[in-house]
Structures are given as structure tokens and as C-alpha cells.
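**Student:** I have a structure here, written as C-alpha cells, and I will follow up with some questions on it.
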Amino acid sequence: MRPLIVFFTLLGILACPLAASAGGVSPAAMDRYRQAKASLEEMRQAKAGIYARDVLEATQQTLAKAGEAADGGNEGAVKTALDKAVLQMDLARARTEEREAAEKTAVTRARLDKLQKRLDDILAGKGEKP
């Protein structure tokens, strides 16, 4: 009798994690999936949609894979795809910031060149007179 109790206890302990993982994807993973999709849509409406369109398209494909994995109940694949999507969105943000900084640098460079020319004219006696 005692061996049967031990056997069923061990069977219950070992079967619970398997049953829990076979049930599907956790609500936390699905919440993270929805948040990632919402963030992607926000980024598409912002400057990242212009400056990092290719990265956002790759992110969309990654999120589609996460959705397929969620439909199949594969939580490991969902988490992996979500991690990749988050990294891709970080890359898109970085590319956007880089492009914006480059544009600001170009504007500042043009202003500097204009002021340098004005200074050269003043020093040469062709510029502003009091």
C-alpha cells in the first residue's frame, strides 16, 4: 500500500508541471505580446515609421511568429519571439535617434558655416559697419 501512495504522489508532482505547460501560454506572456503590438503601432505612427521602416517590418514578422506560437501553445517560442521583437524595437528607436541627431548636426553645421562666412566678411572689412 505504501509504495502505491509514494508512486501516485510522485506521479502527481511530476504531472502537474507538464499539465500546466500543455495548457497554453501564460497570461503574462500574452499581456507582453499585446504590449509589444501596441508599442509597434505607436512606433509606426512616430518618426521611427519613417527612419526605421525596415526594422519595424521585421518586428512585425517576429510578432506574427509570436502570435503563431501562442496559438500553438508554445510559451517558450512566444517568449523568445517577444524578446527578439523588443530588441528590434530598441534598434528602431536607436536608428531613429541617430537619424534625428544627424539632421540636427547638419542644421547646426550649416548655421556654423553661415556665421563663419559672416565673421570672415567682417574681418575682411566687407561686412557690417557700425
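**Student:** Condition first: among the acidic types (Asp, Glu) and farther than 27 Å from Pro27 by Cβ. Now tell me which residues in the stretch 67-104 satisfy that. Spell out how you get there, then give the answer.
**Tutor:** Within the stretch 67-104, the subset among the acidic types (Asp, Glu) is 68, 71, 75, 83, 90, 97-98, 100, 103.
If the condition is that a residue be among the acidic types (Asp, Glu) and farther than 27 Å from Pro27 by Cβ, then Glu97, Glu98, Glu100, Glu103 are the ones that fit.
**Student:** Further question: Return the pair list, or none, for Cβ contacts closer than 6 Å from residues in the stretch 62-81 that are within 15 Å of Lys37 (Cβ to Cβ) to residues that are in a helix (DSSP H, G or I) and of a type in the set (Phe, Trp, Tyr), at least 6 apart or on different chains.
**Tutor:** Qualifying pairs under 6 Å: Ala66/Tyr33.
**Student:** Of all residues in the stretch 76-122 being surrounded by 15 or more Cβ atoms within 10 Å (Cβ to Cβ) and of a type in the set (Lys, Arg), which is farthest from Met43 (Cα to Cα)?
**Tutor:** Filtering first and then ranking leaves Lys79.
**Student:** Among the residues of the stretch 41-75, write down those that are more than 30 Å from Ala102 (Cβ to Cβ), acidic (Asp, Glu) and exposed (fewer than 14 other Cβ atoms within 10 Å of the Cβ). If you could, list the steps in order and put the result at the bottom.
**Tutor:** Here is the first cut: in the stretch 41-75, the residues more than 30 Å from Ala102 (Cβ to Cβ) are 64-75.
Narrowing the set further to residues that are acidic (Asp, Glu) leaves 68, 71, 75.
The answer is Glu68, Asp71.
Values quoted throughout were computed directly from the atomic coordinates according to the rules given, and no laboratory measurement underlies them. Computed from a prediction, not measured in an experiment: that's the story for all the values here. Here Cβ is always computed from backbone atoms with ideal geometry, including for glycine, and neighbour counts include all displayed protein chains.
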